[in-house]
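The values are calculated or read from the model by the stated rules, or taken from the named source; none is laboratory data. The structure presented is a predicted model; accordingly, all values stated were derived computationally and were not measured. As a convention, Cβ positions derive from the backbone with ideal geometry for all residues, glycine included, and neighbour counts pool all protein chains shown. Side chains included, ligands, DNA and RNA excluded: accessible areas come from the protein's heavy atoms. Shrake-Rupley method; radii C 1.70, N 1.55, O 1.52, S 1.80 Å.
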Amino acid sequence: MSRLAFSKPSKLKRVGSILPALFIAAIYMLLPTFGLRGFWLDVLTRVNIFLLITLSLDLYSGTTFYLNLGVPFTVGCAAYSLALLNRYLGVPVEYAILPSAAISLVLSLVIFLPSLRVRGAYFSIMSLLLPIVMAGIVTSQPFSLYLGGEGGITYSPLFFSYARGLPVKERAFFLQSTYFYISSIAAIIAFIVSYKVAYSDFGFMMRSVGQDELLAEASGVNTVRVKLVGFLISSSLASFAGSIYAAMRPPVTVDVFIPANTLVPPLTAVILGGMGTIVGPTIANYFILLVYEALWDVIGRWRVVLYMCLLIVLVLLRPQGIVYYLYTKLKRLVSSKIAELTAGV
Amino acid sequence: MEELKYILIFGSFHSLTYLVFSLGFSLVFGVARLPNLTYGALYVLTGYSTYVFLNYLNTPLYLAVPVSILLTAAISLAIGESVIKPAIKFPVSVFITTVAVAYIFEELFSIQMGLKPVTLPLYPGTTSILGIPVSNHWLLITAVCLAMTLALLAFLYKTSTGKAIRAVAESWEESMRLGINPLRVLRATFLISGVYAALTGILLAPLKALTPTAGWSPLFAAFAIVVMGGIGNILGTVVASLVYGFIEQSMVYVLGGGIARVAPLILILLILVFRPHGLFGRGE
Amino acid sequence: MVKLLVCDSVTKKFGGIVALDKVSLEVSKGELLGLIGPNGSGKTTLVNVISGVITPDEGRIVFEGKDITRLKPHRRVALGISRIFQGMRVYPYLPVYYNVSLSARSVYKDARLARAKTTWALTITRLLAEAGELPINLTPYKLRMVELARALVTGPKLVLLDEPFAGLSPSEIDEVIEIVKKLNENGLAFIIVEHKLRYLMKLVNRVVVLNEGKKIFEGKPDEAVSNEEVARVYLGVL
Ligand SMILES: Nc1ncnc2c1ncn2[C@@H]1O[C@H](COP(=O)(O)OP(=O)(O)OP(=O)(O)O)[C@@H](O)[C@H]1O
Ligand SMILES: [Mg+2]
């Protein structure tokens with residue numbers, strides 16, 4: 001009998017492992033009161049929102065191994081929906097966040113649905129194609145007339161009407177810190193949701209699809225349903241990222257559809273952090289994005305080249321091992337399952 | 001009526017270039033069972049390298065073209081050997097590495113060459129077909145593409161390497177039992193597909209503006225065509241290229257160039273909804 | 001009485017190859033059926049058609065009186081048809097526990113029931129101690145047990161085993177046989193594809209022999225051994 005398998009982890013121990021994370025989250029949230037402001041507070045806000053994109057990618061592609069290169073499509077559709085709702089229907093951005101995320105989710109689902117039904121390369125090809133098509137559409141006639149063309153669509157950002165009532169000195173900091181809090185809360189919720197899903201039975205079904213789809217199908221897993229629901233959860237994260245980001249940072253331009261902006265950093269974070277682990281990519285997200293941001297002043301556009309080279313090296317070093325260090329984590333999870341089982345027998 | 005003529009003429013020309021481009025793509029697709037996402041970048045690369053040879057190094061055209069083609073073929077081989085082959089058992093890894101290489105090229109081009117379109121010299125003169133003036137360059141393209149299609153057919157059916165490629169595309173296990181090394185065959189396909197991407201790149205660059213992102217749309221077209229035609233099905237690929245070329249040109253002349261960008265998207269969606277296994281057979 | 005499984009002149013072609021040529025077959029409840037034939041005779045294809053991994057070009061598959069010819073594989077599992085694949089096939093990066101429990105969880109909506117079934121399946125295949133291990137750390141015998149546990153956990157009425165003895169030592173084969181026999185006594189039917197006839201013939205009640213996609217024999221194991229045509233296709237094997 002394996003020694004490991006039958007030790008039941010105590011409640012206290014589990015709380016103990018969450019405590020440091022809570023502590024770090026609390027300190028992090030308090031950064032503005034400790035005096036952080038200006039450029040880097042904005043950057044942290046951005047990075048928080050990018051966590052939603054990273055988790056969206058990790059939750060679906062990290063488990064099912066269907067590479068979703070179309071994340072910029074979902075993010076971008078949400079951002080443009082928000083801008084369009086504001087411009088053409090006059091919906092204030094505060095109220096446009098939810099509907100625009102929903103619109104983007106529905107759009108993504110409808111357009112990806114056919115490729116979710118089948119196995120093979122279709123999904124990844126479709127996902128690679130969509131942001132490129134969208135970038136073409138929003139900048140070319142006749143769509144550019146309605147979608148703002150290269151200049152994009154601008155509007156007044158989240159809580160701006162409220163901030164106008166404040167003394168001029170406080171305005172900027174009020175908006176900055178509010179955005180930071182909102183994005184932090186969104187990041188924390190996204191992390192908890194992703195973690196719960198990825199390590200639930202459903203999450204493991206997504207993993208089974210990734211590891212041997214035919215086997216999963218032939219041994220009872222409704223693979224189409226699993227892919228569909230997984231995609232839905234993952235895409236809602238990306239949709240919210242797009243809506244919230246757009247609400248805070250007008251104007252919305254074609255940049256959201258450009259992979260160098262909305263795909264390269266999250267993808268690198270997912271691979272560096274370990275596909276499907278959620279925790280790894282979350283940590284990597286902060287590291288990768290802060291460095292990406294800092295690199296702009298140093299090497300400009302070469303940062304994309306650098307990150308892509310890093311990505312290639314990481315993948316090639318461990319072509320199948322990008323999932324390898326889930327192992328220890330899983331072993332612990334199973335041991336608690338077994339403990340429950342044997343306790344019931 | 002006028003438009004119909006345009007569609008007929010340019011649909012045929014485009015179909016032929018798509019056919020050649022797709023044939024090169026389908027070689028690696030058939031053998032590796034994975035789409036080579038760097039294929040569009042190779043197409044753009046050849047255009048830019050020829051441009052650099054001509055305008056920066058003042059190389060004569062008759063030297064710049066073959067050197068660029070060889071260079072692209074070598075790079076195609078290098079990419080295949082370094083980022084596709086080592087990960088071939090794990091598709092998601094290949095997707096990541098190849099898309100990363102494609103993005104690297106895209107960034108390099110836009111950093112070094114800028115976003116402004118560049119062009120290569122056009123074969124001079126025009127000829128009137130059905131009363132429509134057509135650049136002689138299209139006639140050159142037609143001749144070269146026909147020659148390349150026939151050359152590939154001869155290669156696949158007459159030479160031992162070609163036969164090995166077909167055997168591996170049919171089944172890795174079977175071909176291994178026959179004593180063929182699939183990985184060596186794969187190497188040959190990287191090289192040849194590089195040549196095909198390169199030639200289409202050079203031929204089309206004078207007519208289409210060359211930009212860092214110009215390779216994506218032909219890549220998707222090739223994917224759609226190969227899947228629709230069935231991997232390894234030459235006749236299917238010919239028919240699919242015709243279908244694709246005419247659909248795209250109809251969209252260009254009826255709806256305008258902007259919306260024609262969605263042509264590959266629409267086609268892939270149609271295939272997915274109606275015939276996910278290809279219209280003419282074995283598509284993965 | 002309704003037969004458990006009826007295959008009615010099933011045909012499947014791959015390009016020019018006729019992998020199954022109008023094959024008809026019946027399995028009753030609690031039966032042990034052997035399916036044999038030389039390499040490439042269509043045994044795996046038949047298993048694939050019954051489990052729904054591929055759909056036949058012609059013919060019907062009826063399970064407990066219900067036509068399932070076009071049913072998706074996972075729905076057949078829920079109805080009571082389980083299978084194992086030829087060669088060891090498991091999720092390489094999932095521990096044994098999840099390799100088994102996911103199938104249970106897909107079939108039983110109640111999580112507690114699924115967990116109880118998983119425990120039961122891991123117990124009869126003697127895998128409880130390895131529940132946290134990854135397949136990479138297991139012996140071929142243990143891997144076969146994982147496959148078996150996964151097939152059993154969904155509460156099947158018919159289990160399709162494609163070469164279950166391949167890669168196992170004689171004593172390990174005996175253990176697999178013992179488990180199969182025990183389950184069979186409780187009314188579970190099996191279709192067993194095997195090349196190791198020495199073991200198979202002692203185990204099954206009836207054999208079907210395929211050759212080049214056609215059924216060439218059906219009957220008692222000892223009759224099969226003495227049948228001329230069977231001997232001819234199996235030249236040197238029997
Ligand atoms: N997916 C497929 N595509 C093309 N041909 C196939 C496919 N599956 C099986 N075949 C062919 O169908 C025939 C029957 O194959 P099958 O795998 O059913 O044989 P088998 O009896 O299981 O053989 P073995 O004893 O070697 O396992 C073979 O000629 C094989 O090449
Ligand atoms: Mg077989």
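Observations
- Projection of the Cα convex hull of the range C:89-155, averaged over all directions and equal to a quarter of that hull's surface, yields 3.8 nm².
- Probe 1.4 Å, all protein chains present, accessible-area order of A:308, A:134, largest first: A:134, A:308
- Inter-label distance, residue A:225 to residue C:124: 2.5 nm, where each label sits 7 Å from its Cα along the C-beta direction.
- Looking at chain C, the DSSP beta bridges with both ends there are about 55 percent antiparallel.
- The range C:46-163 - convex hull of the alpha-carbon atoms, volume per residue in Å³: 102
- Remark on residue C:210: its backbone amide H falls under 5 Å from those of C:36, C:37, C:216, a criterion applied only to residues 5 or more positions apart or on other chains, H modelled at 1.01 Å from N.
- For chain A, the longest principal axis of the alpha carbon atoms and the long axis of helix A:93-116 meet at an angle near 50°.
- Only protein atoms count toward the accessible area here, which uses a 1.4 Å probe; on the range C:89-155, the carbon and sulfur part of that area reaches 58 percent.
- Short to long, the 5 Å bins of the Cα pair-distance histogram for the range B:22-214 hold 1, 8, 15, 18, 18, 15, 12, 8, 4, 2, 1, 0 percent of all pairs.
- Summed over both chains, the contact between A and B buries some 3800 Å² of accessible surface at a probe radius of 1.4 Å.
- Candidates A:62, A:165, A:274: whichever shows maximal mean-square fluctuation once chain A is modelled as a Gaussian network with Cα springs under 10 Å: A:165
- Our compactness index for the range B:51-122, the C-alpha radius of gyration over the empirical 2.2 N^0.38 Å, is 1.37.
- Residue-level accessible surface for residue C:212, protein heavy atoms, 1.4 Å, Å²: 140
- Sequence-separation-based contact order of chain B, relative, with Cα cut under 8 Å and 6+ spacing, percent: 35
- Computed from backbone phi, the HN-Hα couplings of the range A:41-56 come to 5, 4, 4, 4, 4, 4, 5, 4, 5, 5, 4, 4, 5, 4, 5, 4 Hz, rounded to whole numbers (Karplus: 6.51 cos²θ - 1.76 cosθ + 1.60, θ = phi - 60°; Gly and Pro given as x).
- Long-range amide H partners of residue B:126 with built H, under 5 Å: B:136
- Rounded to the nearest 20 debye, the dipole size of the protein assembly as shown about its Cα centre is 1600 debye, using +1 on the Cβ of Lys and Arg and -1 on the Cβ of Asp and Glu.
- Between residue C:231 and residue B:153, the C-beta separation translates, for a Förster distance of 45 Å, into a calculated FRET efficiency of about 0.40.
- Phi to ³J(HN,Hα) by Karplus 6.51 cos²θ - 1.76 cosθ + 1.60 over the range C:4-19, Hz, x for Gly, Pro: 5, 9, 10, 9, 10, 5, 7, 10, 9, 10, 10, x, x, 7, 8, 6
- Axis of helix C:170-185 versus longest Cα principal axis of chain C: the two differ by about 90°, to the nearest ten degrees.
- Size estimate for the protein assembly as shown follows the Kirkwood approach: the inverse of mean 1/r over distinct Cα pairs works out to 29.8 Å.
- Solvent-accessible surface (1.4 angstrom probe) belonging to residue B:123, in square angstrom, nearest 10: 120
- Chain B: DSSP helices with Cα axial extent of at least 20 Å and average Kyte-Doolittle hydropathy no lower than 0.5: B:2-32, B:39-55, B:61-79, B:91-113, B:136-158, B:182-204, B:234-255
- Divided by 2.2 N^0.38 Å, where N counts the residues, the Cα radius of gyration of the range A:37-262 comes to 1.07.
- The range A:10-142, relative contact order [Cα under 8 Å, separation at least 6], %: 23
- Which of B:189, A:19, A:179, positive extreme of dipole for the protein assembly as shown (C-beta unit charges): A:19
- Most mobile listed residue (A:177, A:144, A:161) in chain A, GNM with C-alpha springs under 10 Å: A:161
- Restriction of the trypsin sites (Lys or Arg not before Pro) in the range C:25-96 to DSSP coil positions whose beta-carbon has at most 14 other beta-carbons within 10 angstrom yields C:70.
- Cα-centre dipole for chain A with unit charges at Cβ (Lys and Arg positive, Asp and Glu negative), debye to 20: 920
- Nonlocal amide H pairs with residue C:57, under 5 Å, H built at 1.01 Å: C:11, C:12, C:13
- Ranked from largest to smallest solvent-accessible area, with a 1.4 Å probe on the protein heavy atoms, C:22, B:116, A:169, C:12 come out as A:169, B:116, C:22, C:12.
- Efficiency of FRET between residue C:137 and residue C:75 - r from beta-carbon atoms, R0 25 angstrom, step 0.05: 0.15
- Potential lengthening between residue A:34 and residue A:255 on full extension [0.36 nm per residue; Cα-Cα distance subtracted]: 76.3 nm
- Using a Förster distance of 45 Å, the FRET efficiency for residue A:26-residue A:295 (Cβ separation, nearest 0.05): 0.95
- Solvent exposure of residue C:13, expressed as accessible area, is near 100 Å², computed with a probe of 1.4 Å over the protein chains only.
- For chain B, modelled as a GNM whose springs connect Cα atoms under 10 angstrom apart, the maximal fluctuation among B:178, B:199, B:122 occurs at B:178.
- Axis angle, to the nearest 10 degrees, between helix A:302-317 and the longest C-alpha principal axis of chain A: 10 degrees.
- Taking every protein chain into account, the accessible area of chain B amounts to 40 square angstrom per residue (probe 1.4 Å).
- Using θ = phi - 60° in the Karplus curve 6.51 cos²θ - 1.76 cosθ + 1.60, the 3J(HN,Hα) couplings for the range C:209-223 round to 10, 9, 9, 6, x, 10, 7, 10, 7, 8, x, 5, x, 5, 5 Hz; x is entered for Gly and Pro.
- Computed over chain C, Cα set: Rg, Dmax in Å: 17.5, 54
- Note on the range A:206-267: percent of Cα-Cα distances in each 5 Å bin, starting at 0 and stopping at the bin with the largest distance, equals 4, 15, 17, 17, 13, 12, 10, 8, 4, 1.
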